[in-house]
Every structure is written in structure tokens, then in C-alpha cells.
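Nothing in this text is a laboratory measurement; each read-out follows from the coordinates by a stated rule. Everything numeric in this text was worked out from a predicted model, so none of it was measured. When we count neighbours, we look across all protein chains shown, and the Cβ atoms used for this are built from the backbone with ideal geometry, even at glycine.
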Amino acid sequence: MAAIGSAVGLGNIWRFPYVAYKNGGGAFLIPYFVALFTVGIPLLIAEYSVGSMFRKSAPMAMRSIHRKVEWVGWWGVFSAFLIAIYYSVLMAWCLCYLFHSFGLVWQPDASSFFFNDFLKAGTSLSLGGGINMQIVFALLAIWTSIYLILYKGVKSIGKVVAITVPLPTILLLILTVRGLTLPGASMGLEFYLAPDFSKLSMPSVWLAAYAQIFFSLSLAQGIMIVYASFLKKGSDINNNAFITALADGGTAFLAGFAVFAVLGYLAYQTGMPMEEVAGGGIGLAFITYPTAIAKMPILASFFGVIFFMALLTFGIDSAFSMVEAITNGMKDKFGVSREKITLIICIMGFLLGLLLVPGSGIHWIEIMDHFVSNFALVFIGLLECLVFGYVLGGERIRKYANDVSDIRVGRWFSIMLKLFAPIVLISIAAASLVELMVNGYGNYPSWSILLAGMIVAASFITAIVFARLKCREEQ
Ligand code: PFF
């Protein structure tokens, strides 16, 4: 349940629809499902197996596989922390919007409200722009909740996910039904599902699909490893991996219906073409969707509250899973107490998140999301495939997982892990790097891309340093 909670998050409702839109609409489902079956599920099985085999957090499990690869585990958990920093800011926005839904205060112009009144954004990327204290308090509330849920450990996590997994799913279903019964919904769905096959020849579209799978399944960040380390010995692995993956993919697919049906309604109401209405990006959840909600014939505020409540409850278990990965790594290696390290990480997350609160923050969130998920995660995923496939042994993992599972996976599993995944991940990462160098990223200046690259590089270097530090037993 906690693994599903981690997997299903803002990535499914906020990220998937806009990434799908940017990368060919319905045609994106092809690379998405190819990525799910060729890398997502095999790596999920491998991560569950490694967690359950070594019963340790990612860095120390990696160390047990081979001392020289401990840094891969650290790099994963540091990337999770980088994601947690901006993920919690997005959640803080959702919390503010939950309250704004009561008065539908973003009317009449949701875009101007979002950028000018809410974010106080300027056009510049430099720190500055105004600071909205509401967001600061909301961010504090999010980090406080994460701390309160985590400091006691697995038992309270279990209680929280028993609510935060089913509740938002029900809310999403309500939104989907509401969306589908609005006039114009079919136009939105056609736009969501109608494929633009020409996009399939672009490497960046495939990279986006693999990155979305890594992000959405919370892979390559040590999360699934640490969660599996809490399982009882002999717990089923393959079944759990399929359930997690299908619940995650299914929720993303469903969220697409909820989002695009409502966008279709907006196009119908305003007479604007779908392309303009769905003008993707981060703003989809904070501009377009609220605009459409405000136009609903009845109970508009109610649906606004449901939408942001769904985002918050979907997001919270993903957010704390990222923190779990890093705190357990520190606890295992240095023997620090759970309470203490959780507090330190939560305070750091809050303070670093403050850097993203000023008006320019939205641009940095977009840049960081792009670079950490598209490059760092894909790269760490690749390293994991190599370590699991060759150092630990793909067949050994397969045997271990099959021994405890109802569903048995065939040899395809090792082939994916050892050959297919590495080849695909290397080729798309290289092709996309070339694409990035030739075309840049969006309209962002090259210094901002360089800075994002440096942040990723810094997490890599810190990982190497941490791997070299002495463990508790060696001190
Ligand atoms: N899987 C989460 C989502 O789709 O929203 C996001 C996420 C969770 C990303 C945990 C990274 C992570 F470590």
C-alpha cells in the first residue's frame, strides 16, 4: 500500500497529462507502456528483490552487493531529496489552492491570478520577485506533516497510507465522472487520445516516457528498495510489482480522462481551440483546470476542493517516501536516530524549498524537474540495471523473486535488465543530450541549464563522498 502511495502522486495527475500532451497526446501512450513493461516492471521487481534480500536501505543494500557501488544508492536517495524539495513546494501551492477553491478567487483570469497575485512571478530567472507568505506557511505545514508522519516509523506510515491511497482514488473517480458528463468532454478526450505519430520518431519523446516511468514508479531513488526491506521475509514480490505498476499506470491513465474531459469542456465554453486550452506545463493544474472548474454549472467550489484535495492526498505519501529513502540511508550507515535525522532532513527540505517560493521559483521547478527526472533518474536507472543485472546477477534475482511469488517471471526479465534496458537508456539519454545541446531547453537561457546540470553533478559528487565515509561499524 505504501509503495502504491509513493508511486501514485502528483506525477500521475499533474505531470502525466502535461507530459503526454507535450509528447504526442495519445501516441505518447505507446512509448509510455513500452517503457512500463520493458524497464518499469523489471526494475521494480529487481528493487523489491534487492530490498527484501538485503533488508537494508538503498545505499547499504548496494554496498552489500559490492562495496564499489554504494554511491549509486546514495545518488538515488539524494535525487529523491532534490525532487522532494520542489515536490513539497508544488504541494504547498495545492494546499493554498484548496482554500482558494472556496471562493474561486482566481476568477476572472486564472493565469494572471496564478502568476501575478499568487506566485508574484516576474519574467526573470534570478531570485527575487515577490514572496507570498501564504506559500511559506503552506510549505511549513507540508514539511511538518511529513515529519509527524515519519518520525515514529513504519507503523504510522501504514496507518496514513490506509487513508491516503483509497481516498484520492475515490476523489479522482468523482472528478472523472463529473468531467465526462460535461458538454465538450469528448473533444477533450479526442485530443488526449488522438495520436500524433510523427512525435514517435523524436528521441526526446522516448526519453520523456522512460523518465515518466522512473518518476511515476518512484524508481531509481532507493524508495522501493527501502520499502521492500520492511517486508516480512518470504513476501510476494512479482505480484506486488505488477499491482504497483498497474495501479500507477491505471491512475495516470484515468487522471488523463479527468483532466482532458474538463479541458474539453473549457474549449467548448470559450470557443478556444483545444491546442490553446491545453497549453501544458506546470500551469495545467493551477491555471487551466481551475479556470474550467470555475465555469462548472453547479458546485464549482466543491469540485475545486476535491481536485486539490486529491492532489494533496495523492502527493503526501509520495513526498514522505522520498524522505524515507534518505533518512533510512543515513540511519543504516551512520547509526543516527530516526527522529533526529528525520527532523534534520525535514528542516533542510523546508529551508531549501524557500528558495523556490519567490516569483522565479516556478521556472526553477520546471528546470529541476526536467533535469533531475530526465537525466539523473534515467542515468541512475541505467546504473541500477547494470549493477543488478551483472554484479548481483539477473538470473539470481529472478530465482529469488520467483521462489516467493505466485506469478513467475520468465527469462525475459534478465534480458530486459541486462540488455534491453541498458541499450535503450543509453541511446535515448545520448540522443536527448545531443538534442539538448542543439536546441537548448524551451526558452531557458543556457546559464540556467548549466546551473541545473551543476546541481545534478553536485548530488553525484556528494554521493561519491558519502560512499567513502566510514560506516558505523568501522568507526
Ligand atoms: N512517484 C511520485 C509521483 O508520481 O508523483 C513521485 C515521486 C515519488 C518521485 C518518490 C520520486 C520519488 F522518489
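Overview of values
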read-out	value
Förster radius 45 Å - calculated FRET efficiency between residue 355 and residue 426, Cβ distance, rounded to 0.05	0.85
FRET E, pair residue 302, residue 269, Förster distance 25 Å, beta-carbon r, rounded to 0.05	0.85
0 to 90° range, to nearest 10: angle between helix 41-54 axis and the chain longest Cα axis	50 degrees
Full-extension gain in nm, residue 464 to residue 140, via 0.36 nm per residue minus C-alpha separation	113.5 nm
Alpha-carbon centroid distance for the pair the range 181-210 / the range 16-84, whole angstrom	24 Å
Reachable aspartates and glutamates from residue 331, criterion Cα separation under 13 angstrom, eight or more residues apart if same chain	339, 473
For the chain, calculated [θ]222 nm from helices alone, where every DSSP H run of n ≥ 4 adds -39500 (n - 2.57)	-21500 deg cm²/dmol
Point-to-point label distance, residue 167-residue 200, nm (Cα→Cβ direction, 7 Å offset)	4.1 nm
Principal axis box of the range 1-160, alpha-carbon based, largest edge first, Å	56, 43, 35
Translational diffusion of the range 3-77, µm² s⁻¹ [Kirkwood Rh, Cα pairs; Stokes-Einstein; 37 °C; 0.692 mPa s]	228 µm²/s
Potential extension, residue 391-residue 233 segment - 0.36 nm per residue separation minus Cα distance	54.6 nm
With Cα atoms, 0 to 90° folded angle of helix 394-404 axis to the chain main axis	80 degrees
Kirkwood Rh, Cα atoms: Rg over Rh of the chain	0.95
Of 152/340; 68/155; 333/399; 232/399, those spanning more than 23 Å from alpha-carbon to alpha-carbon	68/155; 333/399
Cβ-derived FRET efficiency at R0 51 Å, residue 406 paired with residue 107, nearest 0.05	0.45
Computed over the chain: relative contact order in percent, which uses C-alpha pairs under 8 Å that are six or more apart	34 percent
Percentage relative contact order, the range 7-77, counting C-alpha pairs under 8 Å, at least six apart	14 percent
Angle between the chain longest axis and helix 300-334 axis [Cα atoms, degrees, rounded to 10]	20 degrees
